[in-house]
Amino acid sequence: VCREPVPKPLLDVRQMMNETNLDLGQSDNRSTRRKMSVLFFRLAMAMADELDQVHFDDSRWMLNLRNALQVKEIRERLTAVNELCEFSWAAVGKKGKRLKRKEKASELLLGIDDDKDNNDLVRTVSEAVFVDGKITCSFKTLLMMSDPDRELYETAAAPLRRIMQRSLDLTGGKPLEYAYAWVLAVESSVRGSLFADEDDHQSFNFKCSAIDTDHRLFEDKDEKSLKMNLKDWLQRDTLYLVKEGNGYTTHYLCDLFFLTKNREIVLVDVTGLDNVDKVTKKVDNHVGFMRDIAGNEKMAQEFEWRSVVLAPGLKGKDTVEVPKEARKSIRVIQGRAARGYLRGLQQMYRYTRQFEDEEDEEGKEDG
């Protein structure tokens, strides 16, 4: 008799497809390979809902999967398989969908320790899984929950929930920005600080209670000119997800920002790039900005300025250096360390082949 709850492993779609003679295909294109890895993850989540049919080759779900995999052109094949997954993911983004109230949902998003103190909590979770040595829930389950003790959990998850059904690539662009926004908002609400894992930097004193999607740091028409009225609207308890689209251009330098209790404005630049030179160019932009802000007497006096560049797509062997004179203001968090800040959501990187050499070097598996 098993007296202690045992979280299940994540479904290994690649192994399942190999054993049933199914093949998603191969590609030398880096962007296509990344989309393929995310599609494996989406399939895993969809198949978890259809396990009663997955075991039977003649089931309607498996026949639809086989038909999708017969599409010749690789990109069209990915689209066909993604459409098959969309039905399973539709409930996640459905407007007005009633979410399952779950006590300590926030702690599960961040990951809890596997010890006896948490046994009672794990027993109440039907989709408990191990991710990076912590117990969390499946990606889909996390999106479908709300935390009765922390309304922020639901509001911070909303942007990602809305985009999940149609988005093929979760490891870049808006989905990645929204994933970080959700986790960072909840983590700061629970722990009262952010980026405390960095040994060479102090954490930021910030406790979030709201998420805002209606503001920009820079002028709408002159994207590199800071707004001069920041003191009029910046709140210390709010994580800002920059306003873009619908007539607004891509926001300069950052995707998220917040004001700490120590009068620091922290710019968070999220990138799915896996090219060290391109990430270095982004860092150079932050270095230039910090140099310019030092010459802006008004802004330099009112606030301290900091930047965090999150680059989860870089491999362990890749290193982006920050110039010595800028290290107090700018930190780059990359590879496994950056994925770690996604907490339970880092499970979406499970099938990303580009990290295999890194995982082999470190002697452990991600997620």
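The values are calculated or read from the model by the stated rules, or taken from the named source; none is laboratory data. Being a predicted model, the structure only gives us computed values, none of them experimental. Every residue, glycine as well, gets a Cβ built from its backbone with ideal geometry; the counts of neighbours run over all protein chains shown. Accessible surface areas use protein heavy atoms only, side chains included; no ligands, DNA or RNA. Shrake-Rupley method; radii C 1.70, N 1.55, O 1.52, S 1.80 Å.
Taking only Cα atoms, what is the 0 to 90° angle, nearest 10, from helix 276-294's long axis to the longest principal axis of the chain? Between the helix axis and the principal axis of the chain, the angle is about 30 degrees.
Relative to one another, the C-alpha centroids of region 61-123 and region 295-313 are positioned 36 Å apart. For region 130-289, the spread of Cα positions along the three principal axes, ordered from largest to smallest, is 43, 36, 35 Å. Think of the chain as a dipole: +1 on every Lys or Arg Cβ, -1 on every Asp or Glu Cβ, centred on the Cα centre; then among Ala179, Val131, Ser146, Ser146 lies furthest on the positive end. Summarise the long-distance tail of P(r) for the chain by giving the % of C-alpha pairs beyond 37 Å. It works out to 21 percent of all Cα pairs. On alpha-carbon atoms, Rg over Rh for region 121-223 using Kirkwood Rh? For region 121-223, the value is 1.00. When nucleic acids and ligands are ignored and a 1.4 Å probe is applied, Glu219 ends up with an accessible area of around 70 Å². Label-to-label distance for Met228 and Ser146 is 4.3 nm, based on points extended 7 Å past Cα in the beta-carbon direction. Arg30 sits with roughly 120 Å² accessible to a 1.4 Å probe, with DNA, RNA and ligands left out of the calculation. For the chain, the per residue solvent-accessible surface stands at 49 Å², with DNA, RNA and ligands left out and a 1.4 Å probe.
The count of lysine pairs in region 208-285 with alpha-carbon distances below 27 Å, taking only pairs 8 or more places apart or on different chains, stands at 22. About its Cα centre, the dipole of the chain is roughly 960 debye, where the only charges are +1 on Lys and Arg Cβ and -1 on Asp and Glu Cβ.
Sequence-distant contacts, meaning Cα pairs under 8 Å at least 6 residues apart, place the relative contact order of the chain at 15 percent. Think of each Lys and Arg Cβ as +1 and each Asp and Glu Cβ as -1; about the Cα centre, that makes the dipole of region 114-247 roughly 460 debye.
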